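Notes follow the structure.
The values are calculated or read from the model by the stated rules, or taken from the named source; none is laboratory data. Bear in mind the structure is a predicted one, so any value in this text is a computation, not a measurement. Ideal geometry is used to build each Cβ from the backbone, glycine not excepted, and the neighbour counts take in all protein chains shown.
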Amino acid sequence: MAKLKAAVLISGRGSNMAALIEACRAPDFPAEIALVFSNRAEAPGVAHARRYGIAVEVMSHKGWADREAFDRAMSALLERAGCELVCLAGYMRIFSPWFVARWAERIVNIHPSLLPLFKGLHPQRQALAAGVRLSGCTVHYVTADLDAGPTIAQAAVPVHQDDDEETLAARILEAEHRIYPLVLRWFGEGRVSLQRDDGGERVVVRGVAPGATVLWPT
Ligand code: GRF
């Protein structure tokens, strides 16, 4: 069966991108990374993707008439590469409404908190400030509202008494690297759907009970 073609959008380090690329190297993995896109040429993830031999496009967001003009050009690159799913992995740009509509239900993001808690910047710092004993990461659909689209999967990790932002971020990142490839696999297998009812929108993953997505890395 044809593999799902995914794009990975980055702006920085690219460790989640690498986790997705690594997962796709398994011959039986149902998805492939057709393109890595970065809005920053100096993003370490760009060099990393090239070392893997993945197709990479870099296009600065500076100098465009507006946000939509940039997004349209980026969208054209994704289309040219045949991408069917867009995976955000530390992509630090807000999309235009046009882009979100164009790729509706085809953009996913990973965020290092258990959403809807701690949206936006520095979620690990927010978690420590709130004194929660549990945090983690969320893979969710991207909608027009920041970090607010329907949840696809979450992984929880403990917050330790002596954690600082760095140690908590590292523990969460470990969970990110496990859960994001898992979600990409689900998409590749065509098991993810968005269902609408009176209670709003809900993601259903065929064959996966919600509890099965909770991981506890040590
Ligand atoms: C990750 O913590 C991800 O959850 C957030 O940005 C960070 C990106 O890290 N959206 P990396 O570039 O994947 O290493």
Check: Out of (1) touching a strand residue (DSSP E or B) at 6+ places or on another chain (Cβ under 8 Å); (2) of a type outside the set (S, T, N, Q); (3) exposed (fewer than 15 other Cβ atoms within 10 Å of the Cβ), what's the single condition that is false for Leu78?
Finding: (3)
Check: Do we have any residue at all in the range 16-28 that's touching a Lys or Arg at 6+ places or on another chain (Cβ under 9 Å) and more than 11 Å from the ligand (Cβ to nearest atom)?
Finding: yes
Notebook entry, point to check: Counting only residues that are over 15 Å from Pro181 (Cα atoms) and not hydrophobic (A, V, I, L, M, F, W, C), which one in the range 30-40 is surrounded by the most Cβ atoms within 10 Å (Cβ to Cβ)?
Noted result: Ser38
Margin query: Would you confirm, using the coordinates I've provided, whether Lys62 is more than 16 Å from the ligand (Cβ to nearest atom), more than 24 Å from Leu182 (Cα to Cα) and either not polar (S, T, N, Q) or not assigned by TED's automatic domain parsing to the domain that holds Lys119 (or both)?
Written below: yes
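Every residue, every condition in (1) of a type in the set (A, V, I, L, M, F, W, C); (2) within 20 Å of Ala7 (Cα to Cα); (3) buried (at least 19 other Cβ atoms within 10 Å of the Cβ), yes or no:
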{"site": "Val86", "(1), (2), (3)": "yes, yes, yes"}
{"site": "Arg102", "(1), (2), (3)": "no, yes, no"}
{"site": "Leu121", "(1), (2), (3)": "yes, no, no"}
{"site": "Arg133", "(1), (2), (3)": "no, no, no"}
{"site": "Val139", "(1), (2), (3)": "yes, yes, yes"}
{"site": "Thr143", "(1), (2), (3)": "no, yes, no"}
Checklist line | Within the range 187-197, considering residues that are closer than 15 Å to Asn109 by Cβ and more than 13 Å from the chain's Cα centre (by Cα), the one farthest from the ligand (Cβ to nearest atom) | finding: Leu194
Next item on the list: Kindly indicate the residue of the range 41-54 that is within 11 Å of the ligand (Cβ to nearest atom) and surrounded by fewer than 21 Cβ atoms within 10 Å (Cβ to Cβ) and also nearest to Glu79 (Cα to Cα) among those meeting that condition.
Entry: His48
Check: For the range 1-29, what are the residues that are buried (at least 18 other Cβ atoms within 10 Å of the Cβ) and assigned to a strand (DSSP E or B)?
Finding: Leu4, Ala6, Ala7, Val8, Leu9, Ile10
Item checked: Out of Phe95, Phe99, sole residue that is modelled with pLDDT of 95 or more, in a loop (DSSP other than H, G, I, E, B), out of contact with any strand residue (DSSP E or B) (no Cβ under 6 Å at 6 or more places or on another chain) and within 25 Å of Val203 (Cβ to Cβ) -> Phe95
Next item on the list: Residues being small (Gly, Ala, Ser) and either in the same structural domain as Gly188 (by TED's automatic domain parsing) or within 14 Å of the chain's Cα centre (by Cα) (or both): count how many of those fall in the range 65-100.
Entry: 2
Note to self: Just to be sure I understand the filter: pairs with C-beta atoms under 9 Å, separated by 6 or more residues or on different chains, first member in the range 41-52 and in the same structural domain as Gly14 (by TED's automatic domain parsing), second member within 13 Å of the ligand (Cβ to nearest atom) and of a type in the set (Ser, Thr, Tyr). Which pairs pass?
What the structure shows: Ala43/Ser11; Gly45/Ser11; Gly45/Ser15; Gly45/Ser38; Val46/Ser38; His48/Ser15; Ala49/Ser38
